[in-house]
């Protein structure tokens, strides 16, 4: 079941019609410092990890995305983040 969930998340994130890219200018640590909480980490393949971060629900984050997903590439050390 976990593999199917990972496949569905990856397909959603790879399609521009379902997710908006937040780019690679912020790191996962930046989002954690901004008040997001780590929800889960999944292995996509040998060089990629999927991080799911959720908004802490504070009033100052009312216009921020509730969920952010980041695909971290170990080889390039860059995270490409999306909001579904």
Only residues that are under 8 Å from the mean Cα position of the chain (by Cα) and touching a residue at least 60 places away in the same chain (Cβ under 8 Å): list them for the range 72-84, please.
81, 82, 83
Residue check, residue 69 more than 16 Å from residue 25 (Cα to Cα), in contact with a helix residue (DSSP H, G or I) (Cβ under 6 Å, 6 or more places away or on another chain) and either surrounded by 14 or more Cβ atoms within 10 Å (Cβ to Cβ) or touching a residue at least 40 places away in the same chain (Cβ under 8 Å) (or both)
no
In the range 16-48, what count of residues is obtained for those that are more than 13 Å from the chain's Cα centre (by Cα) and at pLDDT 90 or above?
3
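The values are calculated or read from the model by the stated rules, or taken from the named source; none is laboratory data. Computed from a prediction, not measured in an experiment: that's the story for all the values here. Positions of Cβ are generated from backbone atoms using ideal geometry, with glycine treated the same way; all protein chains shown enter the neighbour counts.
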